[in-house]
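The values are calculated or read from the model by the stated rules, or taken from the named source; none is laboratory data. Because the structure is predicted, anything quoted here is derived from the model rather than measured. In this analysis, Cβ positions are derived from the backbone assuming ideal geometry, glycine residues included, and neighbour counts consider all displayed protein chains. To get the accessible areas, we keep the full protein, side chains included, count just its heavy atoms, and leave off ligands, DNA and RNA. Shrake-Rupley method; radii C 1.70, N 1.55, O 1.52, S 1.80 Å.
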Amino acid sequence: MNRNDTEFMVQKIRTQYMEKDSSEKNLDLLRELDKEVKLPANVFGYVFGSISAMIMGAGMSFVMTDMGEHLGISNAMPLGIVIGTIGMLMAIATYPVYKKILTSRKEKYADRILELSEKIINEEK
């Protein structure tokens, strides 16, 4: 490790033990609020989108393979079309619902975030 890398690592560790001033504390709080706004929408999008993709894939499997016969279903194609269509509709609905959740969270936290960001900007001047 060369001298610059060593100095960088020392400075990085050192800053963890220094007291933060109010603008840094406010910036950390602003980041936390931003994360609190986005996290529920992101979790919904990933979880619901993944589940809907698996449901759609299960429907496709019924249509394109002999999986229905192994499960005792003589003609699995109609069931596969229904299941695949449900999964597809769920996948299509994921993004609008994600945007709705994100918009409502932004409206809920907008005043606090704008107030805190204004405070941070005014402290730096």
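Assorted remarks:
- For Met60, the conditions (1) more than 26 Å from Glu107 (Cβ to Cβ); (2) modelled with pLDDT under 85 all hold with the exception of (2).
- Residue match in region 36-45 (condition: outside any loop (DSSP other than H, G, I, E, B), at pLDDT below 95 and of a type in the set (Phe, Trp, Tyr)): no
- Hey, Ile120 within 30 Å of Glu24 (Cβ to Cβ), surrounded by 12 or more Cβ atoms within 10 Å (Cβ to Cβ) and out of contact with any strand residue (DSSP E or B) (no Cβ under 6 Å at 6 or more places or on another chain) or not: yes
- Qualifying residue in region 95-102 (condition: closer than 23 Å to Asn26 by Cα and open to solvent by less than 100 Å² (accessible area, probe 1.4 Å)): yes
- Against the list (1) among the β-branched types (Val, Ile, Thr); (2) part of a helix (DSSP H, G or I); (3) more than 30 Å from Ile113 (Cβ to Cβ), the condition Ile73 fails is (2).
- Against the test of being open to solvent by 90 Å² or more (accessible area, probe 1.4 Å), within 27 Å of the chain's Cα centre (by Cα) and not hydroxyl-bearing (Ser, Thr, Tyr), the options Lys20, Lys35, Lys12 yield a single qualifying residue, Lys35.
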